[in-house]
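Engineer: Sending over a structure as structure tokens; questions will come in a sec.
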Amino acid sequence: MSENLVVDTPTPSSFPDLHSFLSAEEVPAGLIEIQHQGLPLEILNVPADSDTTLVCFHGAVDKDVRLPWFLGQGVTAGLPVNRIFISDPSLRKSTDFNLAWYAGSKEQPDLQETLADVVRRIVRETGGYNLVFFGSSAGGYASLALSRFFPTSLALAVNPQTSISRFYPGAVERYMTYAWEMDGKDMSELPASVAHNLIPAYSAGFSHTVALIQNAKDWFHIQKHQLPFVDVVGDSDNLFMLMDRWGPDTGDGHIPPPKELIRACFEELAKCRGDWRAGLTASGFQAETTRQDVKRRVLDTAPAKAASDT
């Protein structure tokens, strides 16, 4: 069952446009709805009087999920951090697609920058300037994209995509069709404001911290997303990774780690007060992140028979 704990909440605090939210004297706790260029920005704001803020993004939306979707409430419940959950507004356009990477739409080509402004305003209200952006798969992509706007933040990305066009063509084509009203899957025609390929964006340099959690059985994401990413940033002092094998041996391996592991990681990050290296090291992340380190980790985590056959 998909986690969505606020589908029956009372009427949200509503703002008629982005400016009215950004200039508001106070940011309300709870459900917030901001009308922006024809689509709602839907946010769940859960302050906790903390100097650390966790921002959560979701990935592909299951058929039984009702929007807005605020994934991560269960695994983060009770943490001594401020929490911000964001539902992808592009999915409000049509039920014919379920994945949009928080990369925007025809109506909201500036969505990534807009969400950064929204997070910045909430953080200014709560004082939780130690920012962790968290998501899995497409939500991991969003965490990598949005964290770039915050130089001291941490992107904690689970099995992420790093270039939308390298994902499965059908999903990319549906996104282009229903979010952008464009035929085909050629993302080069999107506005320059849309960071749809994070590899060149990161290769230009980054000052924040990135932590990748990657299932060593998810060979599609390792080949198409992780390896191209570490090829350009793998020697960075700001990059960490945690790789292991999770889930059944059947299927494509695109499975997140157990919630207990994620929870333990959040707990370390909550108490490290922005010293991300310390929090990640305590959580078992490694600082060796080159292509060779990734392949070594795949071998080290393989079952004995599989490892002996390679």
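Engineer: Which log10 I(q)/I(0) values does region 18-137 give at q = 0.11, 0.14, 0.22 Å⁻¹ under the Debye formula, counting every alpha carbon as one identical point scatterer?
Structural biologist: Evaluating at q = 0.11, 0.14, 0.22 Å⁻¹ gives log10 I(q)/I(0) of -0.34, -0.56, -1.37.
Engineer: List the residue ranges in the chain for DSSP H helices whose C-alpha atoms run 20 angstrom or more along the long axis and whose Kyte-Doolittle average is -1.0 or above.
Structural biologist: 111-126
Engineer: Could you work out how much longer the chain between Ser14 and Lys271 gets when fully extended? Use 0.36 nm per residue separation minus the Cα distance between them, nm to one decimal.
Structural biologist: Net length gain for the segment: 89.2 nm.
Engineer: Turning to a different aspect of this structure: For the pair Ser23 and Asp110, what calculated FRET efficiency results from E = 1/(1 + (r/R0)^6), where r is the Cβ-Cβ distance and R0 = 25 Å, to the nearest 0.05?
Structural biologist: FRET efficiency, Asp110 to Ser23: 0.90.
Engineer: Per residue, how many Å² of accessible area does the chain show with a 1.4 Å probe? Please report the intermediate quantities before stating the final value.
Structural biologist: Working: 13250 Å² over 310 residues.
In whole numbers, the chain has 43 Å² accessible per residue.
Engineer: Here is a follow-up. So what's the back-of-envelope 222 nm ellipticity for the chain, counting only DSSP H runs of four-plus at -39500 (n - 2.57) apiece and dividing by all residues, rounded to 500?
Structural biologist: Roughly -8500 deg cm²/dmol at 222 nm, from the helical runs in the chain.
Engineer: Can you compute the modelled spin-label distance between Ser203 and Thr250, with each label point 7 Å from Cα toward Cβ, in nm?
Structural biologist: Inter-label distance under the simple model: 4.0 nm.
Engineer: Another one. For an R0 of 35 angstrom, estimate the FRET efficiency from the Cβ-Cβ distance between Asp51 and Asp96 and round to the nearest 0.05.
Structural biologist: Here the calculated transfer efficiency is 0.25.
Engineer: Got a sec? Charge dipole of the chain, +1 on Cβ for Lys and Arg, -1 for Asp and Glu; which of Pro256, Ser143, Gln37 is way out at the positive end?
Structural biologist: Of the listed residues, the answer is Pro256.
Engineer: So, with +1 on the Cβ of K and R and -1 on the Cβ of D and E, and no other charges, what is the size of the charge dipole of the chain about its Cα centre, to the nearest 20 debye?
Structural biologist: Value, rounded to 20: 580 debye.
Engineer: If all Cα-Cα distances of the chain are sorted into 20 Å bins from 0 onward, what percent lands in each bin, rounded to whole numbers?
Structural biologist: 34, 59, 6, 0
Engineer: Mind giving me the FRET efficiency for Glu125 and Asp64? R0 is 41 Å, r the Cβ-Cβ distance, nearest 0.05 is fine.
Structural biologist: E between Glu125 and Asp64, to the nearest 0.05, is 0.75.
Engineer: My understanding is that a pair violates if its Cα-Cα distance is over 22 Å; which of Lys185/Lys295; Lys217/Lys295; Lys271/Lys295; Lys63/Lys224; Lys224/Lys259 do that in this structure?
Structural biologist: Where the Cα-Cα span goes over 22 Å, the pairs concerned are Lys185/Lys295; Lys271/Lys295; Lys63/Lys224; Lys224/Lys259.
Engineer: With +1 on each Lys and Arg Cβ and -1 on each Asp and Glu Cβ, and nothing else charged, work out how big the dipole of region 1-154 is about its Cα centre, in Debye to the nearest 20. Intermediate values should be presented prior to the final figure.
Structural biologist: Numbers: 10 positive and 18 negative charges, 61 e Å.
In total the dipole reaches around 300 debye.
Engineer: Let me ask you something else. For the chain, with a Gaussian network of springs between Cα atoms less than 10 Å apart, report the residue from Leu144, Leu299, Leu31 with the top mean-square fluctuation.
Structural biologist: Residue with maximal mean-square fluctuation among Leu144, Leu299, Leu31: Leu299.
Engineer: Moving on. Among 104-115, 257-268, 80-91, how do they line up from the highest to the lowest mean number of other beta-carbon atoms within 10 Å?
Structural biologist: On the way: 104-115: 21.0, 257-268: 16.8, 80-91: 24.7.
Highest-to-lowest ranking by the protection proxy: 80-91, 104-115, 257-268.
Engineer: List the residues whose amide H sits under 5 Å from the amide H of Phe133, counting only those 5 or more places along or on another chain, with H placed 1.01 Å from N in the peptide plane.
Structural biologist: Residues meeting the amide H criterion: Val55, Leu154, Ala155, Leu156.
The values are calculated or read from the model by the stated rules, or taken from the named source; none is laboratory data. The structure displayed is predicted, hence computed values, not measured ones. Positions of Cβ are backbone-derived with ideal geometry, glycine not excepted, and every protein chain shown enters the neighbour counts. Please note that ligands, DNA and RNA were not included when accessible areas were found on the heavy atoms of the full protein model with its side chains. Shrake-Rupley method; radii C 1.70, N 1.55, O 1.52, S 1.80 Å.
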